[in-house]
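Here the structure is laid out as structure tokens; the discussion comes afterwards.
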Amino acid sequence: MKDKSKFKLKHFINYIVIGAATIIFTILNFTGVLGLSEQFLLEKITIAIILAVSLGLVVGFLGELSLGHAGFMCIGAYIGGKISALLSSSSLGTGLPNLLISIIVGGIAAAIAGVAIGLPALRLKGDYLAIVTLAFGEIVKTLFLNSSDESFGGPIGLETPRYDRNHLFIIGFVLVLVMLAIIQNIIRSKHGRAITSIRDSEIAARATGINVTRYKLLVFALSAFFAGIAGVLYSFSNYRVQCTKFDYNYSIEILVMVVLGGMGSVNGSILSATLITFLQVQLASILTGDLAVLQNIFYALVLILIVIYNNAPALKGFRETHNLKTFFSKLFKKKKEDVDPSLVKDDEAKWNRIPTKINMDELLSMDVKVTESTMKPDKDKGGSS
Amino acid sequence: MKKWFTKVAMAVAVTLTAVFAAFLVGCQNKNKNEFVIGVSGPLTGPAAVYGLAVKNSAQMAVDEINEAGGLGGYKFKFVAVDDKHDASTVSTNYATLVKEGMQVSLGCVTTKPGLEFKSLSKEDNVFFMTPSATADNIPEFANGYQMCFADTKQGTYSANYVNDNVTTSNNKIGVLYRAGDDYSQGIYNNFKNQLAPKFTLVEASFTDDNPTDLSSQVELLKDCEFIFLPIYYTPASVFMLQAKDKVSADCVYFGCDGLDGIESSEGFDINSIPQEVSYLSHFNSNATEGAAKTYIDKYVAKYGKDTLNQFGASAYDCVYAIYNAMKAAYDKDNSKVTPNTSASDMCEVLKTEFQGGFSYSGVTGTNITWDRDGYVNKAAVKYVVKAKSN
Amino acid sequence: MSFIVTFLNGLSLGGVYALIALGYTMVYGIAKMLNFAHGDIIMVGGYVLFVFISLTGQPILAIIIAAFLCSLLGISMEKAAYKPLRGASPLAVLITAIGVSYFLQSLAQIIFGAAPKFVIIADLGVITFGELVIPVYSVITLAISILIMIALSLFIKFTKTGRAMIAVSEDKAAAQIMGINVNTIITVTFLIGSFLAAVASVFYLLKAPNISPTFGSKPGIKAFTAAVIGGIGSIPGAMLGGFLLGIVEVFSNSVPAIAPYTDAIEFLILIVILLVRPTGILGKKRREKV
């Protein structure tokens, strides 16, 4: 009970940092320091953060691989964009009320699609689910691509009102904060523990009475909802929504952010979404003309090296001695604290086995351990008495 | 505790440094001594061949202008950024160009990003003349101009040509278009509307930008004696190869400017196609005389035959048309056209020129003028790439 | 009559998908990774064919060199990018595979430029049966892909390496205990997969003789779909999935009204099949034991 009342800084640090960033950038913006490119960059970063954190919910916490996140975003962008286009011609104009209504409608539309795709997720596992989500994304894309000019614009896309660029990124940051509040509260509640228990062992979770169906649908819907919001934000940051953007390559790009950030780490997702978006935009603006072709080579090499550094079993020792944490503690000349190993990997999804296959021996040996540990005190008691 | 903190601290540190670094870079070019022309186009990815053609040609034109002394003693600088044929990159690309000091632009190479560009450039009133973004609403605002034909025009020209010149024994006209592609579908829709009612349209479509199997489409179109191909030359060549033994050798393949480049593709032998291949365009990469020939020779010598197509020719003309207009304005009042003129002022100057009886003759046409909406007026010529083999 | 022609066209396209899906499914079955760079091996194969056909003018030689170089590429890819991650999470390997894919595409653009290259391997002409006009390459594609499938099934059933492959795909640890060198087996798998990709590139170019840096992504994703429809890890399944996909694609394209939705229809079929049979048509059901 004591723990509950205790204010834990680590649970609020990301709100504080993002809130601080919001305030700093807002001030910079109104003092005229922020230029066009910084505003656009910040818009993109907030969209990327929302996408990465919401996908992280499915991949990192529920432990299902989804390659259709761009599809949900597409639905949000088109439905929200359509609503905002309709509203802007009404008395509401293109201001904040329009944006809020569009965001809610777009998010809900995407969430409904999320439930629809969550249903097969109840039957499918692992890579089979991955391909179904990928297929879903591509179907959504094709449908919007072949829509009529009047409904969703067809190949040239849907014309949507662009929100004032002086304010949009601030709204983006606020939305990031709102999303963090919702997602982190769910993760840290009993629902969050239920979700991670489904990831670790669905059968065990079911056996303990967790409603697996409900939680899976909840996670898919929630993740899709925020992807939809990111889509609406996208529609407000562009003059036109074009569905060719939302193909599986884009879903994979979001997945890359989640994986590089670390499975089941919200802060990791935020960090990697920020860095990757920043890297891509900077590469595109530095490598112009003949050098443009080097962008992807550079990006690919960074990707491969980071993943190998982060994950290669052979580099484990190296990783422990050469990482950001030790770098920083050296930098600040702090003593190296011993980190409780149970804390480090608390929210990490394990993908080193196929989720469809339950490792028999592991389960059995675990049981044995449990009985041993429960036996021990009895023995001790027996010995003392 | 520390793990969280380091990660978040890093994030903030990196973002802040990034933004400030970007800000510092942005402050540099205040007093410039060169004119800056910018373009955003696909320099990587599936559409890269078009973006590269534009980049190379525009660079070539700028180099020539600089060698000839520039304008009023000032040189020109050309900046091309990569948009990967993706509209979502346009906002940051546009910002990059603005930061580079862009005064005049060639807009975007392709339509999809171009639609984003036209609205962004309207905010700052930046003049652009796109070499190859063909959608009808690209020149929607006063600051936008096209050097290429708009989709509607191409569809109408083609339909008129068919209505006036084509007779087929079964009155069938075949069309192969790419569904979901703005260019192809835009032309096709107009063609369909303008086609004389005596013809029955046989349609077939594909969806990939680089299709490999067009056998069903060939089956659908094999009875046609005239097939309209409002598509780019790569899929068209695939179609021709897969259809050459099935479609009658008397058939005529007729396309739009996208078909240009088909005969110069490395390794593709147009003479192995028995049917007639022709297209309606403003440029022919096999031209043997005139300005086109000079351009082709220069381009091939510098960049090879690989990326030679009408996109580049059009971009070359764009740069020269803009240069000529700037020069004309400079001759009238040399204080209005300097490297320190703002993009918006430059736009007004250029608009006045282009609306004031300006005409330009270059690679893609002679006496080219622009109407009030920014659409180009020039002749579309039918080029026969290859006559029917016997 | 047109039905038969369309059906044959579908089979021939399906044959190519099946070949790529075979490579995909083997790599998945044994290394348990989704190799997103698989499609790009086809692209590399195409460029190798382009170079050697324009250099020597001898298609057969070029095909042999392409098969050799692609196999080599497959092995080196595995050694450089995937082997260090053995034992790490499959998602990490998925990401490096994507990185490798980007890398190969950019490299191809740097070396060969963005413009598509045309590679005419051979003009094989057509066979005419009365009204039926069938391109020879369709027949060859179909025949060779079926032959390869049979050969591969026999290889896996009756050779030592093949049986070791089955063992590794069933249980890596147990296979190792039985004295199987898991690393060698995985390398051999990549070799076979890349070889099949090279063969597929030959068939692709016979059909549509142009090659560009991003050429591999579409066949890659189609083959992935085919492999999943048939059941990942199952060789007859990959064949079945490939043929099914090819036939659906060709028939859907032959109806103008639904042609624009071809991709959506293929993916819809995939979803429906997976809903009915969650591990694909011929996939093994993994019963969860507690």
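So, in segment C:141-165, of the ones that are closer than 30 Å to residue C:247 by Cα and either over 17 Å from the mean Cα position of the chain (by Cα) or free of Cβ contacts under 8 Å to residues at least 12 places away in the same chain (or both), which residue ends up surrounded by the most Cβ atoms within 10 Å (Cβ to Cβ)? Can you show your working first?
Let us first name the residues in segment C:141-165 that are closer than 30 Å to residue C:247 by Cα, namely C:141-157.
With either over 17 Å from the mean Cα position of the chain (by Cα) or free of Cβ contacts under 8 Å to residues at least 12 places away in the same chain (or both) added as a condition, the list becomes C:143, C:147, C:150-151, C:154-157.
Values: C:143: 12, C:147: 10, C:150: 12, C:151: 10, C:154: 11, C:155: 15, C:156: 18, C:157: 11.
That would be C:156.
Each row is one residue, and each column tells you yes or no for (1) more than 14 Å from chain B (Cβ to nearest Cβ); (2) in contact with a strand residue (DSSP E or B) (Cβ under 6 Å, 6 or more places away or on another chain); (3) under 30 Å from residue B:188 (Cβ atoms).
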{"site": "C:166", "(1), (2), (3)": "yes, no, no"}
{"site": "C:210", "(1), (2), (3)": "no, yes, yes"}
{"site": "C:214", "(1), (2), (3)": "no, no, yes"}
{"site": "C:225", "(1), (2), (3)": "yes, no, yes"}
{"site": "C:229", "(1), (2), (3)": "yes, no, no"}
{"site": "C:232", "(1), (2), (3)": "yes, no, no"}
{"site": "C:238", "(1), (2), (3)": "yes, no, no"}
{"site": "C:261", "(1), (2), (3)": "no, no, yes"}
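Kindly provide the set of residues from segment B:65-86 that are farther than 18 Å from residue A:290 by Cα and in contact (Cβ under 8 Å) with a residue 60 or more places away in the chain, ordered by number.
Taking segment B:65-86 first, the residues farther than 18 Å from residue A:290 by Cα are B:65-75, B:86.
Within segment B:65-86, B:65, B:71, B:72, B:74 meet the criteria.
Of the residues A:43, A:64, only one is touching a Pro at 6+ places or on another chain (Cβ under 9 Å) and crowded, with 23+ Cβ neighbours inside 10 Å; which?
Values: A:43 fails: touching a Pro at 6+ places or on another chain (Cβ under 9 Å).
Of A:43, A:64, the one residue that is touching a Pro at 6+ places or on another chain (Cβ under 9 Å) and crowded, with 23+ Cβ neighbours inside 10 Å is A:64.
Residues in segment A:127-148: is at least one in a loop (DSSP other than H, G, I, E, B) and facing chain C (nearest Cβ under 9 Å)? Talk me through it step by step, then tell me what you get.
Step one: list which residues in segment A:127-148 are in a loop (DSSP other than H, G, I, E, B), which gives A:146-148.
Still in the running and facing chain C (nearest Cβ under 9 Å): A:146.
Among the residues of segment A:127-148, at least one is in a loop (DSSP other than H, G, I, E, B) and facing chain C (nearest Cβ under 9 Å), which makes the answer yes.
Out of all the residues in segment A:260-289, which are assigned to a helix (DSSP H, G or I), facing another protein chain (nearest Cβ under 8 Å) and closer than 25 Å to residue B:49 by Cα? Let's see the steps before the verdict.
Here is the first cut: in segment A:260-289, the residues assigned to a helix (DSSP H, G or I) are A:260-261, A:266-286, A:289.
Checking the rest, the ones that are also facing another protein chain (nearest Cβ under 8 Å) come to A:260, A:267-268, A:270-271, A:274-275, A:278, A:281-282, A:284-285, A:289.
A:281, A:282, A:284, A:285, A:289 - these are the residues of segment A:260-289 that are assigned to a helix (DSSP H, G or I), facing another protein chain (nearest Cβ under 8 Å) and closer than 25 Å to residue B:49 by Cα.
Working only within segment C:99-122, note down all residues that are under 14 Å from residue C:47 (Cβ atoms), within 7 Å of another protein chain (Cβ to nearest Cβ) and in contact (Cβ under 8 Å) with a residue 40 or more places away in the chain.
Residues satisfying the conditions are C:105, C:106, C:109, C:114, C:115, C:116, C:117, C:118, C:119.
Where residues in segment B:87-112 are under 20 Å from residue B:181 (Cα atoms) and over 12 Å from the mean Cα position of the chain (by Cα), which of them is farthest from the other protein chains (Cβ to nearest Cβ)?
The qualifying residue farthest from the other protein chains (Cβ to nearest Cβ) is B:90.
Within segment C:87-96, track down each residue that is in contact (Cβ under 8 Å) with a residue 24 or more places away in the chain and touching a helix residue (DSSP H, G or I) at 6+ places or on another chain (Cβ under 7 Å). Write out each step before concluding.
Our first condition is that a residue be in contact (Cβ under 8 Å) with a residue 24 or more places away in the chain; within segment C:87-96, this holds for C:90, C:93-94.
Within segment C:87-96, just C:93 meets the criteria.
With (1) in contact with an Asp or Glu (Cβ under 7 Å, 6 or more places away or on another chain); (2) closer than 17 Å to residue C:242 by Cβ as the list, and residue C:23 as the residue in question, which single condition is left unmet?
Exception for residue C:23: condition (1).
Of the residues that sit in segment A:281-309 and are surrounded by fewer than 21 Cβ atoms within 10 Å (Cβ to Cβ) and within 21 Å of the chain's Cα centre (by Cα), which one is farthest from residue C:113 (Cα to Cα)?
Restricting to residues being surrounded by fewer than 21 Cβ atoms within 10 Å (Cβ to Cβ) and within 21 Å of the chain's Cα centre (by Cα), the top hit is A:306.
Yes or no: residue C:194 of a type outside the set (A, V, I, L, M, F, W, C), touching a Ser or Thr at 6+ places or on another chain (Cβ under 7 Å), more than 14 Å from every other protein chain (Cβ to nearest Cβ) and within 14 Å of residue C:26 (Cβ to Cβ)? Steps first, please.
Working: of a type outside the set (A, V, I, L, M, F, W, C): yes; touching a Ser or Thr at 6+ places or on another chain (Cβ under 7 Å): yes; more than 14 Å from every other protein chain (Cβ to nearest Cβ): yes; within 14 Å of residue C:26 (Cβ to Cβ): yes.
The answer is yes for residue C:194.
Kindly indicate whether residue B:91 is over 21 Å from residue A:156 (Cβ atoms), hydroxyl-bearing (Ser, Thr, Tyr) and assigned to a helix (DSSP H, G or I).
On the way: over 21 Å from residue A:156 (Cβ atoms): no; hydroxyl-bearing (Ser, Thr, Tyr): yes; assigned to a helix (DSSP H, G or I): yes.
So residue B:91 does not fit the description; no.
Between B:118, B:32, which is in contact with a Phe, Trp or Tyr (Cβ under 8 Å, 6 or more places away or on another chain) and over 26 Å from residue B:306 (Cβ atoms)? Spell out how you get there, then give the answer.
On the way: B:32 fails: in contact with a Phe, Trp or Tyr (Cβ under 8 Å, 6 or more places away or on another chain).
The match here is B:118.
Among the residues that make up segment B:242-263, is at least one of them at positive phi and either at pLDDT below 90 or assigned to a strand (DSSP E or B) (or both)? Walk me through how you get there before you give the answer.
Within segment B:242-263, the subset at positive phi is B:261.
Remaining after also requiring either at pLDDT below 90 or assigned to a strand (DSSP E or B) (or both): B:261.
Looking for residues that are at positive phi and either at pLDDT below 90 or assigned to a strand (DSSP E or B) (or both), one finds at least one in segment B:242-263, hence yes.
Somewhere in segment C:3-21, is a residue in contact (Cβ under 8 Å) with a residue 24 or more places away in the chain, buried (at least 24 other Cβ atoms within 10 Å of the Cβ), under 30 Å from residue C:132 (Cα atoms) and of a type in the set (S, T, N, Q)? Walk me through it before giving the result.
Going residue by residue through segment C:3-21, those that are in contact (Cβ under 8 Å) with a residue 24 or more places away in the chain are C:4-21.
So of that shortlist, the ones also buried (at least 24 other Cβ atoms within 10 Å of the Cβ) come out as C:9-10, C:12-21.
Now narrow it down to the ones that are under 30 Å from residue C:132 (Cα atoms): C:9-10, C:12-21.
This time we only want the ones that are of a type in the set (S, T, N, Q), so: C:9, C:12.
Yes: one or more hits.
Examine segment C:59-81 for a residue that is surrounded by fewer than 23 Cβ atoms within 10 Å (Cβ to Cβ), within 11 Å of another protein chain (Cβ to nearest Cβ) and of a type outside the set (D, E, K, R), and state whether such a residue exists.
Yes, segment C:59-81 contains at least one residue that is surrounded by fewer than 23 Cβ atoms within 10 Å (Cβ to Cβ), within 11 Å of another protein chain (Cβ to nearest Cβ) and of a type outside the set (D, E, K, R).
Please find, among B:323, B:375, B:330, B:360, the residue that is under 21 Å from residue B:258 (Cβ atoms) and of a type outside the set (A, V, I, L, M, F, W, C). Quick ask: steps written out before the conclusion?
Values: B:323 fails: under 21 Å from residue B:258 (Cβ atoms); B:330 fails: under 21 Å from residue B:258 (Cβ atoms); B:360 fails: under 21 Å from residue B:258 (Cβ atoms).
Answer to the selection: B:375.
What number of residues within segment B:175-206 are surrounded by 17 or more Cβ atoms within 10 Å (Cβ to Cβ), away from chain C (no Cβ under 14 Å) and hydrophobic (A, V, I, L, M, F, W, C)? Spell out how you get there, then give the answer.
Restricting attention to segment B:175-206, the residues satisfying the condition of being surrounded by 17 or more Cβ atoms within 10 Å (Cβ to Cβ) are B:175-191, B:195, B:199, B:202-206.
Checking which are away from chain C (no Cβ under 14 Å) leaves us with B:183, B:186-187, B:190-191, B:195, B:199.
In the following step, the residues that additionally are hydrophobic (A, V, I, L, M, F, W, C) were identified as B:187, B:191, B:195, B:199.
Number satisfying all stated conditions: 4.
The values are calculated or read from the model by the stated rules, or taken from the named source; none is laboratory data. The structure presented is a predicted model; accordingly, all values stated were derived computationally and were not measured. Positions of Cβ are backbone-derived with ideal geometry, glycine not excepted, and every protein chain shown enters the neighbour counts.
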